[in-house]
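Data first, discussion second: the structure below is written as structure tokens.
Derivation of every value follows stated rules applied to the coordinates shown; laboratory data play no part. All figures in this text were calculated on a predicted structure; none of them were measured in a lab. Note that we place each Cβ from the backbone using ideal geometry, even for glycine, and neighbour counts take in every protein chain shown.
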Amino acid sequence: MQSYFRFIAATVIAVTISGCGDQSGDSGARTESKPVLTASTLGAQTVLTASEYLAAPPYSSADASNGAKLARICRACHSFDKGGPHMIGPALYGFFGIEAGTRDGFEYSSVLANAGFVWTPRALDAWLAQPGLFLPGNRMTFAGMVQRSERDDLIAYLLDVTAVEDGN
């Protein structure tokens, strides 16, 4: 009887462990023809105001209310409000348009401090899709968001709530 319970316990542990890892359903085969965008392949970017990004696709048709729901996971580590504190991650108010890893008062990993890219919706989209591939060695413990529409929703929300007000 004791060996039966050991077998059941081992089976439960094996099933639990097999459920860990990539949740995207990707079996390893890439169907996309273009390579993964990374910090080093991002290239030159055009920096616009939050209003300009929000007026253009895909953010003009994004669901910012869904983005607010998705942002709950971000709020565990980041503050969004003007004057908000750095937490486990840096405060995000006003981060669009600035060079990554340069916020005063936050201790960035050397990888992010030396990344040399500017936070734009394009950069954030690539980061959110696969943080570990976008910038290998970064400290953010987030697996990524598979669905492009969810990333668009989240980015539209962040563009709205973290945008620096005119004159501030």
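Give me LEU112, LEU154 ranked fewest to most by other Cβ atoms within 10 Å of their Cβ, as a rough exposure proxy.
LEU112, LEU154
What is the distance in Å between the Cα centroid of the stretch 85-108 and that of the stretch 128-156?
Cα centroid of the stretch 85-108 versus Cα centroid of the stretch 128-156: 17 Å apart.
What GluC sites (Glu not before Pro) in the stretch 83-163 are in a loop by DSSP, with at most 15 other Cβ atoms within 10 Å of the Cβ? Working shown, then result.
Numbers: sites: GLU99, GLU107, GLU150; in loops: GLU107.
Within the stretch 83-163, the qualifying GluC sites (Glu not before Pro) (loop, at most 15 other Cβ atoms within 10 Å) are GLU107.
Once the piece of chain linking SER61 and THR49 is laid out straight, how much longer is it, given 0.36 nm per residue of separation minus the C-alpha distance between them?
On the way: separation 12, 0.36 × 12 = 4.32 nm, distance 1.71 nm.
Extra length from SER61 to THR49 when fully extended: 2.6 nm.
What ranking do ASP152, ASP125 get, fewest neighbouring Cβ atoms within 10 angstrom at the top?
In order of increasing Cβ crowding within 10 Å: ASP125, ASP152.
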